[in-house]
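Novice: Pasting a structure here, questions to come.
No lab work stands behind these numbers, since they all come straight from the coordinates. Remember, it's a predicted structure, so these values are computed and weren't measured experimentally. So basically every Cβ, Gly included, is an ideal-geometry build from the backbone, and we count neighbours across all protein chains shown.
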Amino acid sequence: MPEVIDHLAELTGFRDRDVVDVTLVGAFRDLLQPECVAIYRPVGEGGGQRWLTRARQRAIDSAASADSIWTNMDDLPALAALPLHQRCLQQQAAVKAEDDGQALSLFPLATERDAGGVLELRTREPLTPEQTRLVSSMLRVYRNFQGLLDYSERDTLTGLLNRTTFDGSFLRLAVPGAPALVADPAAAAADDGDARRAAGPEGAWLGVVDIDHFKSVNDTHGHLIGDEVLLLIARLMRSSFRFHDLLYRFGGEEFVVLMRGGNAVQAVAAFERLRTNVASYAFPRVGRITVSVGFTALRAGDSPAAAFERADRAVYVAKQSGRNQVAHHAELIARGVLVDQARTGDMELF
């Protein structure tokens, strides 16, 4: 029992979900001595969902491994490729079977917000009733802890990440010296919007999404309808971006997207996909809604505030230019619409 308590204390001592999953896998490996223990989570939308391995450790492994969150969706197994795992996920019930000479035990990892995922245990012999109770008890603690993390990290209305989590996520994305970041702001202003940059290395991007004329929605239809619009916008954002892109609601009608990977042309395409999806969606009671988007490449040494300010200035230009459009900060500088404050220290000019 003391060993179990030690593992629970370690599990609830972290606030990073990746670390929590790895810690849970390590705890079961120490307590049950399985041949393999893993956590799988569904990623993607609708019929295109895939299994992402969040943490996996075999008896012979000294440390857990996992799929990179930047992995290509097409490289991940479809849900149907693991039918027993799929059944566990859909029925939210434990599944026990024999697979390749091993006892396979699957447990659902549901949270208050979603189905969560599946815990897989492969053992030489089937789990005893006592071992099964141990797993179930630890998973209850795990689910409760995940709920607390959701409460502190998620916007209560939309379920997107909230503003308080942004700085930490930004700093993890903007790793000093990463090839995705641009070392010279002047160079970024000059070339990351043109065709040469479009064919260049992958980047990291921050976008600000603002709902056009949202105040009139609340004034005309009331705040309940306004909240419904926010919920639907959040849903459209999830379906417009990749599973590993980070989506935030900053408050009111303002949303933020953090992306890693892709060049400037691909970043424009991603934000245009969201803009088009919103503009073509029939919002109940309201009808047509549009969004204005501004985005920027992350630069070496960037702070969250500096990158956000650049994207926010691009949003301002998009709104002043007629709304329902995507504006790239570097392109606006290249056209002379904005002046890069990093280069001049002055306010931008029109």
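Novice: Placing +1 on the Cβ of each Lys and Arg and -1 on the Cβ of each Asp and Glu in the chain, which of Pro42, Val141, Thr296 has its Cα farthest towards the positive end of the resulting dipole?
Specialist: Value computed over the given set: Pro42.
Novice: Given the rule -39500 (n - 2.57) for each run of at least 4 DSSP H residues, summed and divided by the residues of the chain, what is its mean residue ellipticity at 222 nm, to the nearest 500 deg cm²/dmol?
Specialist: Calculated from helices alone, the mean residue ellipticity at 222 nm is -13000 deg cm²/dmol.
Novice: Go through region 100-143 and name the GluC sites (Glu not before Pro) that are in a DSSP coil and have 16 or fewer other Cβ atoms within 10 Å of their Cβ.
Specialist: Sites meeting the loop and neighbour criteria: Glu112.
Novice: Something else now. Based on DSSP H assignment, which helices of the chain show an axial Cα extent of at least 18 Å together with a mean Kyte-Doolittle hydropathy greater than or equal to 0.0?
Specialist: 17-32, 223-240, 264-279
Novice: What is the antiparallel percent of DSSP beta bridges lying wholly in the chain, to the nearest 5?
Specialist: Percentage antiparallel, nearest 5: 90.
Novice: Just checking my list (i) 24.6; (ii) 18.3; (iii) 19.8 against mean projected area of the Cα convex hull in nm² computed from this structure; which label fits?
Specialist: Correct label is (iii).
Novice: Moving on. Return Ile333, Ile289 ranked ascending by Cβ neighbour count within 10 Å, so the fewest neighbours appear first.
Specialist: The most exposed by this proxy come first: Ile289, Ile333.
Novice: Here is a further query. What residues of region 206-247 lie in the reach of a label at Arg285, counting those whose backbone N is under 12 Å from a point 7 Å from the Cα along Cα→Cβ?
Specialist: Only 217-230 fall inside the zone, counting backbone N under 12 Å.
Novice: What FRET efficiency comes out for Ala81 versus Ser152 if R0 is 45 angstrom and r is the Cβ-Cβ distance? Round to the nearest 0.05.
Specialist: Calculated transfer efficiency: 0.85.
Novice: Shape verdict for region 2-151, please, from the Cα gyration tensor: rounded (a/c under 1.5), prolate (a/b greater than b/c) or oblate.
Specialist: In terms of gyration-tensor shape, rounded.
Novice: Amide H to amide H under 5 Å from Thr290: which residues, 5+ apart in sequence or cross-chain, H placed 1.01 Å off N in plane?
Specialist: The answer is Asp212.
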